[in-house]
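A.B. asks: Have a look at this one before I ask anything.
The values are calculated or read from the model by the stated rules, or taken from the named source; none is laboratory data. What you see is a predicted model, and the numbers here were worked out from it, not measured in a lab. Cβ placement follows ideal geometry from the backbone for every residue including glycine, while neighbour counts extend to all protein chains displayed. Please note that ligands, DNA and RNA were not included when accessible areas were found on the heavy atoms of the full protein model with its side chains. Shrake-Rupley method; radii C 1.70, N 1.55, O 1.52, S 1.80 Å.
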Amino acid sequence: MTLEIVPLAASLGAEIRGVDLTQPMSDDDFEKIKDAWNEYSVLLFRNQTLDHESHVAFSRRFGALDKHDSIPKFRDQNIHEILRVANDVVGGRKQTVGQQWHSDLSITQQPAKASLLRSDKLPPKGGDTLFASSYQAYEDLSPAMKTFLEGLSAVHDIAQSKQNKGRVDLDEARQRTPPVVHPVIRTHSVTGKKAIYVNEMSTSRIVELAPEESEAVLQFLFAHTTQHKYTYRHRWQVGDLLMWDNESTQHLALADYDIEVPRVLYRTTLLGVPSGRLATEKELT
Ligand code: SIN
């Protein structure tokens with residue numbers, strides 16, 4: 001089989017054809033995949049037959065994996081590197097995961113480098129995932145806006161997301177994962193390119209600005225980054241493995257399917273480089 005790279009949208013995304021991820025892969029093909037990932041940020045592999053073990057084995061070639069200690073309820077009880085991403089009922093509540101724009105684990109001091117998501121059960125209609133290129137969104141800012149944003153930092157807080165509002169164990173979760181501060185513009189750990197690093201699910205404020213200023217700038221950045229021209233919309237098929245770079249993208253699981261129909265995916269998460277610091281009390285008021 002010959003490896004083929006087929007771009008999927010103008011700003012990001014490519015499909016990798018001609019590989020069976022359950023089979024040994026040459027270093028040469030693996031390097032091509034890594035290069036494509038750095039170029040396109042989101043990679044799609046269709047018609048795969050991965051199970052948990054082979055999913056973990058392929059993911060590990062890219063680096064160390066998260067054991068999901070901060071979300072033990074959702075990880076596989078035997079293989080902690082596998083996270084179940086599903087609309088299950090947990091604690092009497094239907095889970096609605098990822099339905100605002102976000103970048104995985106930006107609420108921690110070691111945000112995820114990458115996520116590799118494999119489909120298992122899909123609703124017959126809807127349930128796509130959208131991705132936006134935070135690189136391209138940064139590139140298209142005016143030079144004056146780039147200068148203004150450089151050096152600013154923002155709070156990322158688990159309490160910010162809609163899915164966590166009303167959660168009975170929110171205080172406990174916030175103690176386990178306290179609010180952190182990251183640069184608003186982050187430099188990619190591999191490519192050295194800059195990307196916008198605030199998102200509507202987790203970012204609560206820009207610490208150097210007055211509250212009203214912060215709100216206006218954040219709303220601008222959220223809307224700017226997720227414009228259609230920066231996105232790729234993934235229509236899931238069973239057998240897909242989709243991997244994305246959390247340093248250069250944001251994503252959103254669309255809430256346009258029947259929540260009573262199972263939607264089950266499994267994710268591995270590649271540990272990222274340390275970033276940011278804990279937020280101070282003053283930054284949270
Ligand atoms: C996620 O946000 O990691 C999951 C995305 C999805 O369920 O489509």
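A.B. asks: Can you give the net charge of the other residues whose Cβ lies under 10 Å from the Cβ of residue 246, counting K and R as +1 and D and E as -1?
C.D. replies: Details: positive: 113; negative: 104, 245, 247.
Once all neighbours under 10 Å are counted, the net charge is -2.
A.B. asks: Could you do me a favour and compute the accessible area per residue for the chain, 1.4 Å probe, result in Å²?
C.D. replies: Averaged over the residues of the chain, the accessible area is 46 Å².
A.B. asks: May I have the pair-distance distribution P(r) for region 192-285, computed from all Cα-Cα distances with 10 Å bins from 0 and rounded to whole percent?
C.D. replies: Per 10 Å bin, starting at 0, the Cα pair percentages come out as 11, 35, 34, 18, 3.
A.B. asks: Take the alpha-carbon centre of region 3-51, take the same for region 214-253, and report the distance between them in whole Å.
C.D. replies: 19
A.B. asks: Next question, about the same structure. For labels at residue 110 and residue 34 in the simple 7 Å Cα→Cβ model, what's the distance in nm?
C.D. replies: 2.0
A.B. asks: Now for a separate question. At a Cα cut-off below 16 Å, give the lysines reachable from residue 146, other chains included and same-chain residues fewer than 8 away excluded.
C.D. replies: Those lysines meeting the cut-off are 193, 194.
A.B. asks: Using a 1.4 angstrom probe and counting only protein chains, how large is the accessible area of residue 146 in Å², to 10?
C.D. replies: 40
A.B. asks: In addition: For region 198-251, what log10 I(q)/I(0) values come out of the Debye formula at q = 0.25, 0.27, 0.29 1/Å, with one point per alpha carbon and no solvent?
C.D. replies: Log-scaled intensity ratios, in q order: -1.04, -1.12, -1.19.
A.B. asks: Follow-up question, since we're still on this one. Under the rule of at least 5 residues apart or a separate chain, name every residue whose amide H is placed under 5 Å from the amide H of residue 153.
C.D. replies: 184, 207, 208
A.B. asks: I would also like to ask the following. Quote the FRET efficiency, to the nearest 0.05, computed for residue 280 versus residue 61 with a Förster distance R0 of 25 Å and r equal to the Cβ-Cβ distance. Could the numbers behind the result be given before it?
C.D. replies: On the way: r = 39 Å, r/R0 = 1.56.
Once rounded, the FRET efficiency stands at 0.05.
A.B. asks: Another one. Checking understanding here: applying a Kyte-Doolittle mean of at least -1.0 and a length along the axis of at least 18 Å (C-alpha), which whole DSSP H helices in the chain pass? Could the numbers behind the result be given before it?
C.D. replies: Working: long enough: 27-40 (19 Å, -1.81); 211-225 (21 Å, 0.05).
Membrane-span-like by this criterion, though nothing is claimed about a membrane: 211-225.
A.B. asks: May I pose another question? Quick one: length gained pulling residue 191 to residue 142 fully straight, 0.36 nm per residue minus the C-alpha distance?
C.D. replies: 15.5 nm
A.B. asks: Before anything else, pin down the relative contact order of region 117-186: Cα pairs under 8 Å, at least 6 apart, normalised by residue count, whole percent. Spell out each step's value before the answer.
C.D. replies: Numbers: 42 pairs, mean separation 24.4, N = 70.
With pairs under 8 Å counted, the relative contact order is 35 percent.
A.B. asks: Here is a follow-up. With Rg and the Kirkwood Rh both taken from Cα atoms, where does Rg over Rh land for the chain?
C.D. replies: 0.95
A.B. asks: Between region 69-94 and region 124-176, what's the alpha-carbon centroid distance in Å?
C.D. replies: 22
A.B. asks: Right, another one. Principal axes first, then extents: for the Cα atoms of region 85-190, list largest minus smallest coordinate on each axis, whole Å, largest first.
C.D. replies: Cα extents, longest axis first: 48, 36, 23 Å.
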